[in-house]
Ligand SMILES: Cc1ncc(C[n+]2csc(CCOP(=O)(O)OP(=O)(O)O)c2C)c(N)n1
Ligand code: SF4
Ligand SMILES: [Mg+2]
């Protein structure tokens with residue numbers, strides 16, 4: 001771009017200054033009617049608008065699945081990668097460019113199954129990423145196969161007589177990993193709670209992991225109800241440091257007290273998943289260092305000229 | 001008992017040589033490596049060219065006095081430039097007979113090899129050891145070896161109590177005598193190795209060195225003289241992995257994302273060191289898939305990043321290689337090839353990953369493949385690879401090998417400047433309406449947009465996409481996108497030079513190769529031409545795209561033959577016929593590229609081919625119809 005254009009551009013930008021929701025709208029979403037992913041998208045868009053985040057400073061990274069189409073519908077930078085590997089790409093973006101804000105969206109198959117290894121290790125790296133898993137407890141894009149979070153007994157195309165394995169308690173898994181610094185659970189059908197959870201995640205420095213229980217009226221109505229009514233039982237977590245529980249929620253489900261700074265308490269709450277999904281901030285520890293901070297701390301910034309000097313010093317060691 | 005302490009002080013006979021190969025082997029921990037490296041360094045200082053290969057035991061702590069415990073170095077010394085490990089070994093210094101046996105079994109020793117061995121085993125209390133020592137030496141002698149049984153340990157103990165800590169210096173002194181090395185330079189070198197130790201320790205080691213020199217003088221009545229003229233330009237000595245790592249820093253790489261795998265790992269060790277002082281980072285990922293995923297994400301975000309691996313790791317990266325091509329993200333992947341398939345020969349050389357590098361990804365994935373031919377090129381290739389990756393928004397795979405990775409070569413010290421670094425990250429605003437894949441119809445090239453650039457917000461996707469970066473399933477758009485990615489390869493191809501022919505520009509036989517076989521092939525060609533044979537050779541630095549003019553070059557010869565290190569069926573195998581014969585990797589590619597009946601000669605010995613083996617194969621091919 002020419003220098004002159006640059007000036008014009010800056011002028012233009014200064015005039016516009018405030019971002020509206022439209023500024024964050026990408027392509028028209030192509031999810032099914034009633035899909036829980038819509039709510040998650042608008043939650044993120046509202047957050048960016050509220051915080052007036054420059055669209056160019058955000059990179060949304062995803063894998064493959066219905067949920068992973070997410071970056072196409074958000075007008076930031078977006079990387080729609082390959083199945084299961086979103087965490088690796090996102091880690092690279094953040095290590096390469098700590099100045100960018102990185103959002104990761106994945107499906108349950110994407111994150112917990114094919115991406116399982118990366119999921120566990122990424123939690124331990126604690127790179128500054130906001131991670132949202134849209135968990136519809138099913139492989140949706142490939143049309144109805146069992147996922148690690150599909151409930152035991154559920155009939156799918158690969159388990160027509162009912163899934164034989166008990167579902168994976170992904171919350172307990174994460175609370176067992178060193179360096180897990182932010183773990184929350186929310187649902188696509190509790191918009192107010194969803195917004196606040198995603199906002200808290202966005203504001204956390206480190207890997208903030210949000211599992212969103214997501215309605216897929218097409219393939220997992222048994223979990224969330226074809227009629228839109230939620231069948232699975234859930235419980236809200238009340239915590240002054242956590243996600244505020246509005247009055248309306250109190251009518252929807254039981255509310256219990258929790259302290260998100262207490263890892264042991266969080267582990268007990270995670271076990272509730274097997275009977276009634278806890279919604280709220282399970283665990284939060286803002287003092288764990290991020291991976292990029294730790295790595296970059298040892299790497300000092302030097303000029304190209306200084307680099308040539310130091311490289312010459314290295315070559316000296318090999319010189320006869 | 002040998003007759004040391006002889007009274008006669010005859011002048012030794014001086015034998016003039018152009019080059020020689022000497023090995024120094026011992027049990028792991030007895031210090032042969034250290035002594036051999038000093039020997040090599042002093043030879044280089046005196047002005048000899050060299051190629052050094054480490055001899056490494058296959059386990060971390062192998063039982064001593066076994067074949068598996070052999071550790072040491074093999075050094076090819078020459079008065080001329082050396083580009084490879086050469087032929088059979090001329091001189092071997094061994095501390096025990098099992099070390100020697102491992103070299104015999106490896107078929108590395110010349111029949112008339114000069115052997116210097118510690119004679120203490122001749123009188124070992126254990127009868128089995130006495131017997132095997134004698135048998136091994138007798139067998140060598142029968143073949144024509146010239147054997148010197150020397151009381152190395154016994155003599156060492158006249159100066160120090162623990163011979164394990166000094167007999168390597170005695171042996172080094174013996175080599176110093178044998179090769180008429182400048183003993184002052186050698187003593188200085190030893191002092192500098194022990195510069196952190198006391199003066200007493202330094203003096204002791206120099207005394208051991210002198211002892212060895214005198215011992216050799218008493219025992220051996222000849223000395224070798226390999227002419228040496230000190231180099232006019234400063235020279236560096238390093239292995240190929242260090243060269244790749246230094247080249248990467250010189251090319252401006254700032255991040256490396258890797259997962260440990262032999263024989264690639266040492267390159268990332270070196271990078272970790274350099275980055276520690278030069279502001280980069282090495283990320284050890286949870287596996288090779290993550291390693292390339294992180295590298296790709298980082299490069300996508302504008303940071304110059306590479307990943308380094310070997311065969312099995314390369315296999316795991318496959319899906320990401322395709323993603324790199326599809327998204328037109330620049331990326332450099334170094335594959336230090338080892339023996340395959342599967343875990344194969346982890347520490348040994350093979351050139352077996354050419355076709356899998358080209359074709360492993362699903363669908364058509366045009367990419368650049370480069371192969372350095374020696375260690376000097378390992379350094380320079382990194383700079384070219386980075387530039388191509390960024391200019392063409394392409395995946396560049398650099399294929400080196402275990403031979404380059406662990407060999408040490410002497411080459412002119414590279415001149416450094418900021419010019420080899422990439423320009424600063426482009427953070428300028430993007431004009432409204434700029435497309436992320438605004439392909440130029442003729443070249444396939446398009447401007448790369450980097451996250452953070454204002455106004456450039458766009459999607460990068462693994463799905464087929466339009467110039468706007470939007471998911472697209474139209475038949476014509478898929479056809480076009482493929483054509484555009486392919487076109488970039490064509491654009492690069494047009495900028496490449498026709499390969500230079502070594503030897504005869506026309507004649508009876510053309511040898512085609514890639515990677516580290518260039519050196520030994522050129523030597524074989526030299527020897528054939530001395531006999532009046534009309535032979536030429538070309539080595540391909542670019543395997544994808546091929547350089548221009550191959551068919552024309554091929555047409556100037558009666559026969560064309562590829563020599564490389566991957567498996568193919570031998571034509572003279574009685575079981576093989578035209579229908580069943582499986583060709584080698586490069587020959588397959590060249591046959592389809594040129595429609596010329598390209599033959600091949602290949603071996604998978606887990607070591608480079610020697611010039612003399614190639615000479616034999618070429619002679620045989622020349623003699624055939
Ligand atoms: C390597 C690879 N294996 C398999 C697939 C096929 N595939 C695409 S999406 C998907 C699962 C999607 O399920 P999930 O991650 O839960 O996302 P959802 O569609 O439910 O949002 C699979 C198996 C693929 N694209 N790549
Ligand atoms: S199949 Fe389910 S998850 Fe996929 S878009 Fe439709 S509703 Fe959403
Ligand atoms: Mg799913």
Q | Per-residue average of Cβ from other chains inside 10 Å of B:319-329 | A | 2
Q: Would you mind giving the average projected area, over all directions, of the Cα convex hull of the stretch A:188-320 in nm² with one decimal?
A: 14.0 nm²
Q.
Apply the a/c threshold of 1.5 to the C-alpha gyration tensor of the stretch B:236-420 and tell me whether it is rounded, prolate or oblate.
A. rounded
Q) How fast does the stretch A:15-289 diffuse by Stokes-Einstein, in µm²/s, taking the Kirkwood radius from C-alpha pairs at 10 °C and 1.306 mPa s? A) 86 µm²/s
Q. Is there a simple number for the mean count of other chain Cβ atoms within 10 Å of the Cβ of residues in B:408-419, and what is it?
A. 3
Q: Provide the percentage of antiparallel DSSP beta bridges, counting only those with both residues in chain B; round to the nearest 5.
A: 35 percent
Q. Which semi-axis lengths, in whole Å and largest first, follow from the square roots of five times the eigenvalues of the Cα gyration tensor of chain B?
A. 49, 29, 21
Q: May I ask for the Rg/Rh ratio of the stretch A:115-257, computed from Cα atoms with Rh as the Kirkwood radius, given to two decimals?
A: 0.97
**Q.** Rel. contact order, % - alpha carbon contacts under 8 angstrom, at least six apart, the stretch A:15-289
**A.** 16 percent
Q. Among A:139-150, B:55-66, what's the highest-first ranking by average C-beta atoms within 10 angstrom per residue?
A. A:139-150, B:55-66
Q) What order, most packed first, do the peptides A:172-179, A:237-244 have when packing is the mean number of other Cβ atoms within 10 Å of each residue? A) A:237-244, A:172-179
Q: Would you mind computing the Rg to Rh ratio of the stretch B:502-623 from its alpha-carbon coordinates, Kirkwood style for Rh?
A: 0.93
Q: Based on a Kirkwood Rh over C-alpha pairs, give the Stokes-Einstein translational diffusion coefficient of the stretch A:140-196 at 10 °C and viscosity 1.306 mPa s in µm²/s.
A: 116 µm²/s
Q: Please express the Cα-Cα pair-distance distribution P(r) of the stretch B:266-337 as a list of whole percents, one per 5 Å bin, running from 0 to the bin with the greatest distance.
A: 3, 17, 27, 27, 17, 7, 2
Q. log₁₀ I(q)/I(0) of the stretch B:21-114 at q = 0.12, 0.17 Å⁻¹, via Debye over equal Cα point scatterers, no solvent, to two decimals?
A. -0.35, -0.69
Q: Quick one: among A:158, A:235, A:91, which has the greatest mean-square fluctuation in a GNM of chain A with alpha-carbon springs under 10 angstrom?
A: A:158
**Q.** Residue order, fewest to most surrounding Cβ atoms within 10 angstrom, among A:319, B:602
**A.** A:319, B:602
Q. Which whole-number percent is the relative contact order of chain B (Cα, under 8 Å, 6+ apart)?
A. 11 percent
Q | Protection proxy ranking of B:242-253, B:42-53, B:577-588, B:418-429 - average other beta-carbon atoms within 10 Å, highest first | A | B:242-253, B:42-53, B:577-588, B:418-429
(Q) Under the √(5λ) rule applied to the eigenvalues of the Cα gyration tensor, what semi-axes describe the equivalent ellipsoid of the protein assembly as shown? Give them in Å, descending. (A) 60, 33, 26
Q: Over all alpha-carbon pairs in the stretch B:13-226, figure out the percentage whose distance exceeds 29 Å.
A: 19 percent
Q: Pick out which of A:219, A:249, A:234 has the largest mean-square fluctuation in a Gaussian network model of chain A, springs linking Cα atoms closer than 10 Å.
A: A:249
Q: Counting only C-alpha contacts under 8 Å and six or more residues apart, can you give the relative contact order of the stretch B:426-495 as a whole percent?
A: 32 percent
Q | Sequence of B:255, B:593 once ranked by neighbouring C-beta atoms within 10 Å, starting from the fewest | A | B:593, B:255
(Q) Which of rounded, prolate or oblate describes the stretch B:426-495 when judged by the alpha-carbon gyration tensor and an a/c cut-off of 1.5? (A) oblate
**Q.** Counting DSSP beta bridges with both ends in the protein assembly as shown, the antiparallel % (nearest 5)
**A.** 30 percent
**Q.** Between 0 and 90°, nearest 10: helix B:265-278 axis offset from chain B longest Cα axis
**A.** 80 degrees
Q) Average partner chain C-beta neighbours within 10 Å, per residue of A:67-79? A) 4
Q | Overall dimensions of the stretch B:501-570 as given by Cα atoms, namely Rg and Dmax in Å | A | 11.9, 35
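Only the coordinates and a few stated rules stand behind these numbers; no lab work does. Bear in mind that the values here come from a model prediction, so they are computed numbers and not experimental data. Note: ideal-geometry Cβ built from the backbone for every residue, glycine included; neighbour counts use all protein chains shown.
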